[in-house]
Amino acid sequence: MRCPFCQSDDSQVKDSRPTEDNSSIRRRRVCSACGGRFTTFERIQLRDMLVIKSDGKQQAFDRDKITRSMSIALRKRPIDMETIEKATNGIVRQLESTGESEFSASEIGDLVMQALVELDIVGYIRYVSVYKDFRNPEDFDAFLEEVRELQKEQTHKDAQKKKSIKAAA
């Protein structure tokens, strides 16, 4: 593994452990040349996936783009990076489980929106406002009405869960 500090190709693994959700292996490394320490992550990749953009262009799937966009939407929100990683892993697993190797950017965007709505409604609003490319306040107003409906549904589901938990106890 190449050292990010001195670019040497010689590094040693000092510690390996699975991540909390067992989706990857975290490795602490030390560069033999400069002594710099860094962390790498090793993940399973079932197949090469392609993203079909709205203009028809294809590009390699990059899971880090999902993590980055979710991090931006959730900046300064009470959601930690580990939770974002778990959500990203869930999205990637959903894509891989379809058996397909090509996905439209809108399919991936929809999965990100589903994950964000469960994590944090403000992060969801931030993501959608960019993703849907709102042009004027009326677009935003209509969207906020949809969000209010989503919140009502979620509140109703949460109340149902609490009732079933109390009934089971």
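The values are calculated or read from the model by the stated rules, or taken from the named source; none is laboratory data. Note that the structure is predicted; figures quoted are calculated from it, not measured. All Cβ positions, even for glycine, are placed from backbone atoms using ideal geometry, and neighbour counts span all protein chains on display.
Checking the structure you have, find out if any residue of the range 144-160 is among the small types (G, A, S) and within 28 Å of D48 (Cα to Cα). First the steps, then the outcome.
Keep residues of the range 144-160 that are among the small types (G, A, S), which gives 159.
Checking the rest, the ones that are also within 28 Å of D48 (Cα to Cα) come to none.
No; the residues of the range 144-160 include none that is among the small types (G, A, S) and within 28 Å of D48 (Cα to Cα).
Filter the range 19-41 for residues that are under 20 Å from E96 (Cβ atoms) and surrounded by 13 or more Cβ atoms within 10 Å (Cβ to Cβ); which is modelled with the lowest pLDDT?
By that ranking, first place goes to S23.
Can you find a residue in the range 128-135 that is surrounded by 10 or more Cβ atoms within 10 Å (Cβ to Cβ) and at pLDDT 90 or above?
Yes: one or more hits.
Could you grab me the full set of residues in the range 24-39 that are in contact with a Ser or Thr (Cβ under 9 Å, 6 or more places away or on another chain) and of a type outside the set (G, A, S)? Can you show your working first?
Step one: list which residues in the range 24-39 are in contact with a Ser or Thr (Cβ under 9 Å, 6 or more places away or on another chain), which gives 25-34, 36, 38.
Residues satisfying the conditions are I25, R26, R27, R28, R29, V30, C31, C34, F38.
Exactly one condition in (1) touching a Pro at 6+ places or on another chain (Cβ under 8 Å); (2) modelled with pLDDT under 85; (3) not hydroxyl-bearing (S, T, Y) is false for L150; which is it?
That leaves (1) as the condition not met.
Is there any pair with a first residue in the range 58-83 that is more than 18 Å from R47 (Cα to Cα) and a second that is hydroxyl-bearing (S, T, Y) whose Cβ atoms are under 7 Å apart and which are 6 or more apart or on different chains, and what are they?
T67/T88; S69/Y127; M70/T88; A73/Y127
What about E96, is it in the same structural domain as V122 (by TED's automatic domain parsing), surrounded by 13 or more Cβ atoms within 10 Å (Cβ to Cβ) and of a type outside the set (V, I, T)? If you could, list the steps in order and put the result at the bottom.
Numbers: in the same structural domain as V122 (by TED's automatic domain parsing): yes; surrounded by 13 or more Cβ atoms within 10 Å (Cβ to Cβ): yes; of a type outside the set (V, I, T): yes.
Yes; evaluated as a whole, the condition is true for this residue.
Can you say whether V122 is assigned to a helix (DSSP H, G or I), touching a Phe, Trp or Tyr at 6+ places or on another chain (Cβ under 7 Å) and either of a type outside the set (G, A, S) or closer than 21 Å to K57 by Cα (or both), as far as the supplied structure shows?
Details: assigned to a helix (DSSP H, G or I): yes; touching a Phe, Trp or Tyr at 6+ places or on another chain (Cβ under 7 Å): no; either of a type outside the set (G, A, S) or closer than 21 Å to K57 by Cα (or both): yes.
Criteria not met by V122.
Take the range 27-61 and flag every residue that is polar (S, T, N, Q), in a strand (DSSP E or B) and outside the structural domain of N89 (by TED's automatic domain parsing). Can you show your working first?
Here is the first cut: in the range 27-61, the ones polar (S, T, N, Q) are 32, 39-40, 45, 54, 58-59.
In the following step, the residues that additionally are in a strand (DSSP E or B) were identified as 39-40, 58-59.
Of everything in the range 27-61, those that are polar (S, T, N, Q), in a strand (DSSP E or B) and outside the structural domain of N89 (by TED's automatic domain parsing) turn out to be T39, T40.
Out of the residues in the range 83-103 that are acidic (D, E) and in a helix (DSSP H, G or I), state the one that is nearest to L50 (Cα to Cα). Spell out how you get there, then give the answer.
To start, the set of residues in the range 83-103 that are acidic (D, E) comprises 85, 96, 100, 102.
So of that shortlist, the ones also in a helix (DSSP H, G or I) come out as 85, 96.
Numbers: E85: 21, E96: 11 Å.
Taking the candidates together, the pick is E96.
Please state which of the following conditions D64 fails to meet, knowing it meets all the rest: (1) in a helix (DSSP H, G or I); (2) in contact with a Leu (Cβ under 8 Å, 6 or more places away or on another chain).
(2)
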